[in-house]
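This report concerns only the one structure given below.
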Amino acid sequence: MQPQYWQQATLELSAADAVLKSLIARYPEISLRSRGDAFSTLARSIAGQQISVKASEAVWQRLLACVVVTPEAIANTAPEVLRTCGFSLRKVEYLRDLAAKFVDGSVHPGLWQDMDDESVIVELCQVRGIGRWTAEMFLMFYLLRPDVLPLDDIGLQKAMAAHYQNGAPISKIKMRSLAETWRPWRSVATWYLWRSLDPQVVAY
């Protein structure tokens, strides 16, 4: 389902920023949408690290054909089996560490909806292979948090440089400053700026 805040966010962003007003008008029928469960969303983000969307989808489909993607099942799957699905040795370690932390209660997915953004990021970053960017994608695409600004995201950097700097490189300080007018809807602004580079919606 579309986030409840989406219509209000698009109205306020359109009033605050001419670039976003144009982009929002260009893509009226699509929005952020949550999918899957917490574990599979994070597992899929690990699968997709540093490879193309097409390659990531192939690895993910092989994993689905091989094993039920639950913490318990992944924790009990031999590393060699995960390797046959296309995971590198390092990603196998990441995936198994994620599963182990879900199984032993080191992370608390049942509490994430009630935790603030930064607390969720800190907890997720305890998992091997999950850094701030991956945690921010989880906040946006699974928890549907409305005010995430992923400054390390290459797509956002490119889009902001194109729309606000005439294509010149943009610093994170400038990005943060420009985004102040987008509060409390920085996730929504980011999503539309991504669309300006690629209308295809990628789900994390």
Which one is surrounded by the fewest Cβ atoms within 10 Å (Cβ to Cβ), of the residues in region 71-96 that are within 22 Å of A135 (Cα to Cα), over 21 Å from the mean Cα position of the chain (by Cα) and in contact (Cβ under 8 Å) with a residue 12 or more places away in the chain?
E72
Would you mention how many residues in region 153-204 are within 23 Å of G36 (Cα to Cα) and of a type in the set (S, T, N, Q)?
3
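Scan region 96-105 residue by residue and report those that are out of contact with any Phe, Trp or Tyr (no Cβ under 7 Å at 6 or more places or on another chain) and part of a helix (DSSP H, G or I). Spell out how you get there, then give the answer.
We begin by selecting, within region 96-105, every residue out of contact with any Phe, Trp or Tyr (no Cβ under 7 Å at 6 or more places or on another chain); these are 96-101, 103-105.
Listed by number, the residues that qualify are R96, D97, L98, A99, A100, K101, V103, D104.
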Of all the residues that make up region 106-137, how many are over 13 Å from the mean Cα position of the chain (by Cα), under 15 Å from S45 (Cα atoms) and not in a loop (DSSP other than H, G, I, E, B)?
0
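If I filter region 40-70 down to residues being of a type in the set (G, A, S) and not in a helix (DSSP H, G or I), which single residue comes out as surrounded by the fewest Cβ atoms within 10 Å (Cβ to Cβ)? Explain how you work it out, then say what you get.
Of all residues in region 40-70, those of a type in the set (G, A, S) come to 40, 43, 45, 47-48, 52, 55-56, 58, 65.
Next cut, not in a helix (DSSP H, G or I) only: 48, 52.
Details: G48: 20, S52: 9.
Per the criteria, the residue is S52.
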Taking region 39-70 and keeping residues modelled with pLDDT under 90 and more than 18 Å from K101 (Cβ to Cβ) leaves G48, Q50, I51, S52, V53, K54, A55, S56, E57
The lone condition S106 fails out of (1) touching a Ser or Thr at 6+ places or on another chain (Cβ under 7 Å); (2) open to solvent by 40 Å² or more (accessible area, probe 1.4 Å); (3) of a type outside the set (F, W, Y) is (1)
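Name the residues in region 138-153 that are assigned to a loop (DSSP other than H, G, I, E, B) and open to solvent by less than 50 Å² (accessible area, probe 1.4 Å), would you?
If the condition is that a residue be assigned to a loop (DSSP other than H, G, I, E, B) and open to solvent by less than 50 Å² (accessible area, probe 1.4 Å), then L143, L144, R145, P146, D147, V148, L149, P150, L151, D153 are the ones that fit.
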Restricting to region 171-202, and then to whatever is open to solvent by 30 Å² or more (accessible area, probe 1.4 Å) and outside any helix (DSSP H, G or I), can you tell me which residue is farthest from E29 (Cα to Cα)?
S171
In region 154-163, how many are of a type outside the set (K, R), open to solvent by 10 Å² or more (accessible area, probe 1.4 Å) and closer than 17 Å to V188 by Cα?
4
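The values are calculated or read from the model by the stated rules, or taken from the named source; none is laboratory data. Treat the numbers as computed from the prediction; the structure is a model and nothing was measured. Cβ sites come from the backbone with ideal geometry, for glycine too, and all protein chains shown count toward neighbours. What goes into the accessible areas is simple: the full protein's heavy atoms, side chains included, and nothing from ligands, DNA or RNA. Shrake-Rupley method; radii C 1.70, N 1.55, O 1.52, S 1.80 Å.
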